[in-house]
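The structure under discussion appears below in the form of structure tokens.
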Amino acid sequence: MKETYLFISDIHLGLQSYSVEREKERLLVKFLKFAEDNCSELFIVGDLFDYWFEYKRVYQKGFFRTLTALQDLTEKGIKVHYFIGNHDFMHGNFFKDEIGAAMYENPIDTILNGKRFFIGHGDGLVKNDIGYNILKKILRNKVLQKFYSWVHPDIGVAIASHTSKTSRDYTTKKDYGEEDGLFEAAKSKIDEGFDFVLFGHLHKRCYLKYKNGFYVNLGSWLDAPCYGIYKDDKFEIVDWK
């Protein structure tokens, strides 16, 4: 029997006003409850949070309902895959140990219902994004993160929020050329033999065929909440309302 897989990306919890965030989380928790009965595995393809920094004994305030809904999924035997994005990259072991999610810092090669998938957030994969790749290595350096954890949480989270905004401004203003840089990255992976290449990051929902494969970008929840579903050898992006 073939399994059903669900995918979401770029929710950016914590980015917008309090009222907007409350509604966004309400929709997200409703989706996670829907996932309990409608999939065997859930893939969160980066930037669930607009920023995340986790201390050894402290995790940031807010979005408790999201965390408990994710734990409900794993306790019911649904595997949760969490790809660390360019905004929620400062993770420790909370999601792995407390929630039971599988955590990934890099894209993965996996087989779903007999098809080969390349799945990742997408940051750092555009050819001409050298500046971001340097920044990524610095921000994800475990030694530097260890030093950063000595900063008081109130200050540390405030800095993380500011850093997230800086990253967003850089990504928004960056000229990647006329082509979708991630589509170009996807083409090379399809040429390697992948059936589906799936990213987030650009906030541009698309589903394109290339040769014998498909490039999928899940878009974001900032304008139009949606999810990807793969079942019965068919992939589809569905609006979530």
For A69, which of the numbered conditions (1) touching a residue at least 40 places away in the same chain (Cβ under 8 Å); (2) farther than 20 Å from Y18 by Cβ fails to hold?
(2)
The residue that is surrounded by the fewest Cβ atoms within 10 Å (Cβ to Cβ), considering only those in region 212-241 that are charged (D, E, K, R) and in contact with a Pro (Cβ under 9 Å, 6 or more places away or on another chain), is K241
With the structure loaded, tell me whether E98 is more than 30 Å from G114 (Cα to Cα) and surrounded by fewer than 18 Cβ atoms within 10 Å (Cβ to Cβ) or whether it fails that test.
yes
What's the total number of residues in region 1-36 that are part of a loop (DSSP other than H, G, I, E, B) and either within 23 Å of L198 (Cβ to Cβ) or of a type in the set (G, A, S) (or both)?
11
Within region 218-239, how many residues are aliphatic (A, V, I, L, M), part of a loop (DSSP other than H, G, I, E, B) and touching a residue at least 40 places away in the same chain (Cβ under 8 Å)?
2
Quick one: how many residues across region 103-113 are more than 15 Å from L6 (Cβ to Cβ), in contact (Cβ under 8 Å) with a residue 12 or more places away in the chain and not acidic (D, E)?
5
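Residues checked against (1) modelled with pLDDT under 95; (2) farther than 25 Å from K2 by Cα:
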site: R26; (1), (2): no, yes
site: F43; (1), (2): no, no
site: H81; (1), (2): no, no
site: M90; (1), (2): yes, yes
site: F94; (1), (2): yes, yes
site: A101; (1), (2): no, no
Which pairs turn up if I take residues in region 54-66 that are surrounded by 10 or more Cβ atoms within 10 Å (Cβ to Cβ) and look for partners that are modelled with pLDDT of 70 or more and of a type in the set (G, A, S) with beta carbon separation below 6 Å, at least 6 apart in sequence or on another chain?
E54/G92
Can you tell me how many residues in region 189-211 are exposed (fewer than 13 other Cβ atoms within 10 Å of the Cβ) and closer than 13 Å to F117 by Cα?
3
Do we have any residue at all in region 60-73 that's assigned to a loop (DSSP other than H, G, I, E, B) and over 20 Å from E25 (Cβ atoms)?
no
Among the listed residues Y227, Y132, Y210, identify the single one that is at pLDDT 95 or above and under 18 Å from the mean Cα position of the chain (by Cα).
Y227
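The values are calculated or read from the model by the stated rules, or taken from the named source; none is laboratory data. Not measured: the values here are computed from a predicted model. Every residue, glycine among them, receives a Cβ derived from its backbone with ideal geometry; neighbour counts consider all protein chains shown.
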